[in-house]
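Asker: Dropping the structure in here first, questions after.
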Amino acid sequence: MAATEWEAVIGLEVHVQLKTRSKIFAASDTGYGAEPNTRACAFSIALPGTLPVMNVEAARLAVRFGLAVGARINRHSVFARKHYFYPDLPKGYQISQYEQPIIGSGEMEIDTAAGPKVIRITRAHLEEDAGKSLHEDLHGMTGIDLNRAGTPLLEIVSEADLRSAAEAAAYLRKVHALVRYLDISDGNMQEGSLRCDANVSVRPAGQKAFGTRTELKNINSFRFVEKAIDFEVQRHIEVLEGGGAIVQETRLYDAEGDQTRPMRSKEEAHDYRYFPDPDLPAMRLDDAFIDSVRAELPELPDARKRRFQSQFALSAEDTAQLTAEREFADYFEALAAAPGVDAKTAANWLLGDLTAALNKHGMRIEQSPLPPAHMAQLLQRIADRTISGKIAKEVFAAAWRGEGGVDDIIAARGLKQVTDRAEIEAVVERVAGDHPQQVEQYRQGRHKVFGFLVGQVMKATGGKANPARVNEILREILNRETG
Amino acid sequence: MPITREQVAHIARLARLAMDPAEAEFHAGQLSRILELVEQMNRIDTTGVAPMSHPQDAALRLRDDRVTEHNRRDQYQRIAPAAEHGLYLVPRVIE
């Protein structure tokens, strides 16, 4: 029997913390890192008698997302109570949206190995975040911090259109980039501003019906989303090929062991008993409101990518990387706009040396010690031939370390490129004199040693000689003396 | 559509309400009568009538995004059963 070919079917639920000043239903401060419970007002701790009052900014940011993914914006949406008991949810229910969410169906395009692919978005709804439980040693008790309780979340639900862990990761990256472009969330995964649950199932290729799915909870990095789903898909296949059946359950990804395991099943955990929250009448948004949000939409990543391709004549691959993050694209635009800077060279430096340095130090582009103006100066010095591309790397490294401005470093280290004919000629003569054997080989037609001799000249000048001039002069001298 | 004692017990468990079988029996009867009323309403043809999510025809009031609630942790924690290091303490829960 031929081995079954399996197809993974994945849908993601992405929770995005919206960037509002105050909470979704209360006027206390949002924001990460405050002393425990100093931002937990009477409503956040669910004191009896407190009532929710909706923050207009949360609706505004949700609509911004909806418009960006071409979704239907529901003029009429309803808040519902979702009931479950956990101490970091002191009301005993979470205010969420169930049957009538603020954002209806939309779509988003992702890049896959096989080209662009459209992923349908089922819906996006507003809800409040829960607090945090700390299970540290507190005399056998659990500590509760309700600062986060009530932070607005937008839960973005995709259709089960993703077919591999790599596609799921690409989709998550796209959502991340988009919410940052739209400035609706800081998207900081370490701080939990963007969290992801994945619904995973497999089916024999060609089969229409979905297999039984499991839900992976709380995957908090791009790397883990891919690893967790890969593991889970493989686990499904092994269970099914072994003649077993998948149990529909919620599982947690354990990054250390690189595996998933079932969550201790909370009895009847999925019986949430949703009903419309009597404290909150239906939310009505009119056209004027939606139009005002539309008017403030920034240029979206896909549009920016297409513009970069035509405006700067860059490849699809380069522009995809340059526009993946808003700050990165902003940096590139600032750099490319500087006089005397060639867009292609700018792209190469950004995606090459600068990205490598940022990655090495675990930094984001907006933290780069070289702002676009300094980077522009470096590229200008290459363009006006003050330094070679190779020396530029040394200048870049020194500037990164904070040794000063580009021109100061070039001057202080004496890195100015040597283009003076007499000066280069003198070095070439000396190198030729020091390497009679190689010179002889060249003259006998073994031109491969030419590169070696160029290398020696560059070494003797500390890399400062203009390579084109060295080639020209060396060739002249070698040929002249043979002739 | 009568509601059974078992259904009442299930809902009570979800809502963390202690209820003995006699009480469950009693509430099953009461709730069944409410559902009978709903049954009667179900007989009315509501084709083309939008469902209501709220008894009043009011629209949600939206407030500006401003912080007006400030830190009153100490006052709140004075009335909490247990608090330490700024945390509210509850019986241990482990996932």
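The values are calculated or read from the model by the stated rules, or taken from the named source; none is laboratory data. Since this is a predicted model, take the numbers as computed values, not measurements. Here the Cβ is made from the backbone with ideal geometry for all residues, glycine too, and neighbour counts use every protein chain on show.
Asker: Residue check: is B:Arg72 at the interface with chain A (Cβ under 10 Å from one of its Cβ atoms), more than 18 Å from A:Asn37 (Cα to Cα) and at pLDDT 95 or above?
Answerer: Judged against the criteria, B:Arg72 is not a match.
Asker: Oh, and also: Residues being facing chain B (nearest Cβ under 8 Å) and either under 23 Å from the mean Cα position of the chain (by Cα) or closer than 20 Å to A:Ile156 by Cβ (or both): count how many of those fall in the stretch A:16-55.
Answerer: 3
Asker: Another question, if that's okay. When the stretch B:47-95 is examined, which residues are found to be more than 24 Å from the chain's Cα centre (by Cα) and among the β-branched types (Val, Ile, Thr)?
Answerer: If the condition is that a residue be more than 24 Å from the chain's Cα centre (by Cα) and among the β-branched types (Val, Ile, Thr), then B:Thr47, B:Val49, B:Val67, B:Thr68, B:Ile94 are the ones that fit.
Asker: Moving on. Confirm whether A:Asn199 is under 15 Å from A:Val14 (Cα atoms) and either among the hydroxyl-bearing types (Ser, Thr, Tyr) or free of Cβ contacts under 8 Å to residues at least 60 places away in the same chain (or both).
Answerer: Numbers: under 15 Å from A:Val14 (Cα atoms): yes; either among the hydroxyl-bearing types (Ser, Thr, Tyr) or free of Cβ contacts under 8 Å to residues at least 60 places away in the same chain (or both): no.
No, not satisfied.
Asker: Now for a separate question. Please give the number of the condition B:Ile44 fails out of (1) part of a loop (DSSP other than H, G, I, E, B); (2) at the interface with chain A (Cβ under 7 Å from one of its Cβ atoms).
Answerer: Going through the list (1) part of a loop (DSSP other than H, G, I, E, B); (2) at the interface with chain A (Cβ under 7 Å from one of its Cβ atoms), B:Ile44 breaks only (2).
Asker: Using beta carbons and a limit of 7 Å, which pairs, at least six apart or on different chains, have the first residue in the stretch A:314-329 and in contact (Cβ under 8 Å) with a residue 40 or more places away in the chain and the second one part of a helix (DSSP H, G or I) and hydroxyl-bearing (Ser, Thr, Tyr)?
Answerer: A:Arg326/A:Tyr181
Asker: Condition (residue is more than 14 Å from chain B (Cβ to nearest Cβ) and in contact with a Gly (Cβ under 7 Å, 6 or more places away or on another chain)) applied to the stretch A:88-106: is it met by at least one residue?
Answerer: Yes, the stretch A:88-106 contains at least one residue that is more than 14 Å from chain B (Cβ to nearest Cβ) and in contact with a Gly (Cβ under 7 Å, 6 or more places away or on another chain).
A quick yes/no check of all residues on (1) at the interface with another protein chain (Cβ under 8 Å from one of its Cβ atoms); (2) polar (S, T, N, Q); (3) loosely packed, with under 12 Cβ neighbours inside 10 Å:
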| site | (1), (2), (3) |
| --- | --- |
| B:Gln7 | no, yes, no |
| B:Glu23 | no, no, no |
| B:Pro51 | no, no, yes |
| B:Arg61 | yes, no, yes |
| B:Asp64 | yes, no, yes |
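Asker: Which ones in the stretch B:1-41 are within 21 Å of A:Tyr272 (Cα to Cα) and either in contact (Cβ under 8 Å) with a residue 60 or more places away in the chain or not in a helix (DSSP H, G or I) (or both)?
Answerer: B:Ile3, B:Thr4, B:Ala15, B:Arg16, B:Leu17, B:Ala18, B:Met19
Asker: Please specify each residue of the stretch A:1-43 satisfying the condition of being surrounded by 23 or more Cβ atoms within 10 Å (Cβ to Cβ), in contact with an Asp or Glu (Cβ under 6 Å, 6 or more places away or on another chain) and charged (D, E, K, R).
Answerer: The answer is A:Arg39, and nothing else.
Asker: Among the candidates B:Ile11, B:Ile79, B:Ile34, single out the residue that is exposed (fewer than 14 other Cβ atoms within 10 Å of the Cβ) and either under 30 Å from A:Ser77 (Cα atoms) or within 7 Å of chain A (Cβ to nearest Cβ) (or both). Walk me through how you get there before you give the answer.
Answerer: Numbers: B:Ile11 fails: exposed (fewer than 14 other Cβ atoms within 10 Å of the Cβ); B:Ile79 fails: either under 30 Å from A:Ser77 (Cα atoms) or within 7 Å of chain A (Cβ to nearest Cβ) (or both).
Testing whether each residue is exposed (fewer than 14 other Cβ atoms within 10 Å of the Cβ) and either under 30 Å from A:Ser77 (Cα atoms) or within 7 Å of chain A (Cβ to nearest Cβ) (or both) leaves just B:Ile34.
Asker: To continue, here is another question. Six or more apart or on different chains, Cβ atoms under 6 Å: show the pairs whose first residue is in the stretch A:272-289 and of a type in the set (Lys, Arg) and whose second is not in a loop (DSSP other than H, G, I, E, B).
Answerer: Hits for this filter: A:Arg273/A:His83; A:Arg284/A:His76.
Asker: I'm trying to understand the selection: among the residues of the stretch B:20-54, which are of a type in the set (A, V, I, L, M, F, W, C) and within 16 Å of B:Ile3 (Cα to Cα)?
Answerer: Going residue by residue through the stretch B:20-54, those that are of a type in the set (A, V, I, L, M, F, W, C) are B:22, B:24, B:26, B:28, B:31, B:34-35, B:37-38, B:41, B:44, B:49-50, B:52.
Within the stretch B:20-54, B:Ala22, B:Ala24, B:Phe26, B:Ala28, B:Leu31, B:Ile34, B:Leu35, B:Leu37, B:Val38 meet the criteria.
Asker: Which of the residues spanning the stretch A:41-85 are in contact (Cβ under 8 Å) with a residue 60 or more places away in the chain and among the small types (Gly, Ala, Ser)?
Answerer: Matches in the stretch A:41-85: A:Ser44, A:Ala58, A:Ala59, A:Ala62, A:Ala68, A:Ser77, A:Ala80.
Asker: How about the stretch A:316-335: which of its residues are at pLDDT 90 or above, surrounded by fewer than 18 Cβ atoms within 10 Å (Cβ to Cβ) and small (Gly, Ala, Ser)?
Answerer: Matches in the stretch A:316-335: A:Ala334 only.
Asker: Do you know which residues across the stretch A:65-85 are part of a loop (DSSP other than H, G, I, E, B) and either under 30 Å from A:Glu299 (Cα atoms) or among the charged types (D, E, K, R) (or both)?
Answerer: Residues satisfying the conditions are A:Val69, A:Gly70, A:Ala71, A:Arg72, A:Asn74, A:Arg75.
Asker: Taking A:Arg430 as meeting all but one of (1) surrounded by 13 or more Cβ atoms within 10 Å (Cβ to Cβ); (2) closer than 30 Å to A:Glu366 by Cα; (3) of a type in the set (D, E, K, R); (4) at pLDDT 85 or above, write down the number of the exception.
Answerer: That leaves (2) as the condition not met.
Asker: Quick one: count up the residues across the stretch A:86-135 that are of a type outside the set (Val, Ile, Thr), touching a helix residue (DSSP H, G or I) at 6+ places or on another chain (Cβ under 9 Å) and either in a strand (DSSP E or B) or without any contact (Cβ under 8 Å) to a residue 12 or more places away in the chain (or both).
Answerer: 8
Asker: Within the stretch A:463-483, track down each residue that is modelled with pLDDT under 85, under 14 Å from A:Glu423 (Cβ atoms) and hydrophobic (A, V, I, L, M, F, W, C).
Answerer: A:Ala465
Asker: Tell me whether the stretch A:53-64 contains one or more residues that are touching a strand residue (DSSP E or B) at 6+ places or on another chain (Cβ under 8 Å), more than 24 Å from A:His176 (Cβ to Cβ), part of a loop (DSSP other than H, G, I, E, B) and of a type outside the set (Val, Ile, Thr).
Answerer: No, that holds for no residue.
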